[in-house]
Ligand code: GDP
Ligand code: MG
């Protein structure tokens, strides 16, 4: 479907303002993409309405097509909906900061408790303590203890006979004695939301007054995750969400709905079973993932922030007509310098890895100054028509630029390769089935 979305983006081109028809076509595809990514339909409806309002009549940036412009709006709205900025973890005025992990069985509470402790120590130099409050299965305590051993991190436990509320209270006392600054309480889960579980969690909450209540949700469960989040939030007034198993192939639309339905931020993303695979949640990256077109979006952003829009358009025109000269080459090089490594940029263009001759145009950034010197030593005529270059001209240019004839030859070859590559690119864009990306 992401492919269809991209096709639609390409179809809508070359207009000065985003028209209602453009938006209609785009939002139809966006809507399908979102639904397919498991975003709640009501959330989708609200979102599409906002997008329509914002996008219609917008001035299209010169470096973008109207289709891309709409996608840009879509991405901004998605990012905003998921919380805009990244969220932080609370720090209590008085140590220890208490974090309570809640969620259904198998969501990843125990694993995430260990990961979070690890992250707090590694990134923020904290010394956390883990607390085993899942007393219903002996294996649950052993699991946490095993994690504690792997991390060389203390695990507080009172076995399976103690009351979870007592365990939590005692654990916090112990943490104070040992000058631990974070206490992470791993609680029990159930297969479904039920009253007994909720009552137990409420009791723990009332007694220890946690600074954070993090709901751990399995991203693979899609729409169910939204209902789970809703009931946990209504009962416990959670402070944030951890979305686990995002390393799977789920598009993670649940993330969007959870934030929209509960209003609570997603703070972390679980990216695998290993203890270092917990990351702060990035709403903008998630937006790309949900739309299923990460690299294209990155490219849109890069294009719009770095390339002078008019120049980009002119360059595109030149690429099409093949009137690309050394003057353009110089200009291009300046743009490339601003944009970062050329290879990075090229590798982001879909289908670009298939283009032959790409290796020859990789430009060592340190050589850019040499290249500029060589081009500046050319006459105007030589820059416009590199074909007239002969050995006496090359000698003169080498002398003038303080380089050698082989260096001049190398640049001429690079220039020709670049020209060839551009021809391939333009052909790809023309071809209906081609995956080329329009600048
Ligand atoms: P709990 O019942 O909520 O405590 O869940 P667990 O922490 O025991 O995790 C259940 C299963 O999910 C375990 O096999 C974990 O290794 C796995 N798991 C947890 N988080 C992630 C994640 O981010 N990615 C993947 N692939 N697996 C995860
Ligand atoms: Mg567990």
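Some notes on this structure:
- Residue within region 144-156 that is out of contact with any helix residue (DSSP H, G or I) (no Cβ under 7 Å at 6 or more places or on another chain), touching a residue at least 40 places away in the same chain (Cβ under 8 Å) and under 29 Å from residue 221 (Cβ atoms) present: yes
- Filter pass, residue 109 being within 30 Å of residue 44 (Cα to Cα), more than 10 Å from ligand 2 (Cβ to nearest atom) and under 29 Å from the mean Cα position of the chain (by Cα): no
One line per residue, one yes/no per condition, for (1) modelled with pLDDT of 95 or more; (2) within 11 Å of ligand 2 (Cβ to nearest atom); (3) surrounded by 14 or more Cβ atoms within 10 Å (Cβ to Cβ):
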site: 133; (1), (2), (3): yes, yes, yes
site: 139; (1), (2), (3): no, yes, no
site: 145; (1), (2), (3): yes, no, yes
site: 154; (1), (2), (3): yes, no, yes
site: 161; (1), (2), (3): no, no, no
site: 168; (1), (2), (3): yes, no, yes
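- If the condition is being more than 10 Å from ligand 2 (Cβ to nearest atom) and either in a strand (DSSP E or B) or more than 23 Å from residue 179 (Cα to Cα) (or both), then region 94-103 contributes 97, 98, 99, 100, 102.
- Count of residues meeting criterion [within 15 Å of ligand 1 (Cβ to nearest atom) and out of contact with any strand residue (DSSP E or B) (no Cβ under 8 Å at 6 or more places or on another chain)] in region 241-272: 4
- Residue list for region 113-131, filter: surrounded by 22 or more Cβ atoms within 10 Å (Cβ to Cβ) and either within 9 Å of ligand 2 (Cβ to nearest atom) or assigned to a helix (DSSP H, G or I) (or both): 113, 114, 115, 116, 117
- Test set (1) outside any helix (DSSP H, G or I); (2) more than 16 Å from ligand 1 (Cβ to nearest atom); (3) at pLDDT 95 or above - residue 207 fails condition number: (1)
- Taking (1) part of a helix (DSSP H, G or I); (2) closer than 25 Å to residue 270 by Cα; (3) over 31 Å from the mean Cα position of the chain (by Cα); (4) more than 16 Å from ligand 2 (Cβ to nearest atom) in turn, residue 174 satisfies each apart from (2).
- Of the residues examined, residue 67 is not one that is under 22 Å from the mean Cα position of the chain (by Cα), part of a loop (DSSP other than H, G, I, E, B) and either at pLDDT below 90 or crowded, with 23+ Cβ neighbours inside 10 Å (or both).
- Within region 86-99, one or more residues are within 16 Å of ligand 1 (Cβ to nearest atom) and in contact (Cβ under 8 Å) with a residue 40 or more places away in the chain.
- When residues of region 132-148 are limited to those that are assigned to a helix (DSSP H, G or I) and in contact with a strand residue (DSSP E or B) (Cβ under 8 Å, 6 or more places away or on another chain), the one nearest to ligand 1 (Cβ to nearest atom): 140
- Residue 78 vs. criteria closer than 30 Å to residue 54 by Cβ and surrounded by 15 or more Cβ atoms within 10 Å (Cβ to Cβ): yes
- Inter-residue pairs, beta-carbon under 9 Å, first farther than 11 Å from residue 184 by Cα and at pLDDT 95 or above and in region 104-129, second part of a helix (DSSP H, G or I) and within 9 Å of ligand 2 (Cβ to nearest atom), 6+ apart: 111/143
- Qualifying residue in region 273-288 (condition: crowded, with 21+ Cβ neighbours inside 10 Å, within 15 Å of ligand 1 (Cβ to nearest atom) and not in a helix (DSSP H, G or I)): yes
- Summed over region 381-396, residues that are under 19 Å from residue 331 (Cα atoms) and part of a helix (DSSP H, G or I) total 5.
- Within region 244-267, tally of residues that are out of contact with any helix residue (DSSP H, G or I) (no Cβ under 7 Å at 6 or more places or on another chain) and either within 16 Å of ligand 2 (Cβ to nearest atom) or in contact (Cβ under 8 Å) with a residue 40 or more places away in the chain (or both): 1
- Unique residue being surrounded by fewer than 16 Cβ atoms within 10 Å (Cβ to Cβ) and either at pLDDT 95 or above or closer than 19 Å to residue 145 by Cα (or both) when the list is 185, 202: 202
The values are calculated or read from the model by the stated rules, or taken from the named source; none is laboratory data. Not measured: the values here are computed from a predicted model. Methodologically, a virtual Cβ is constructed for each residue, glycine included, from the backbone with ideal geometry; neighbour enumeration extends over all protein chains shown.
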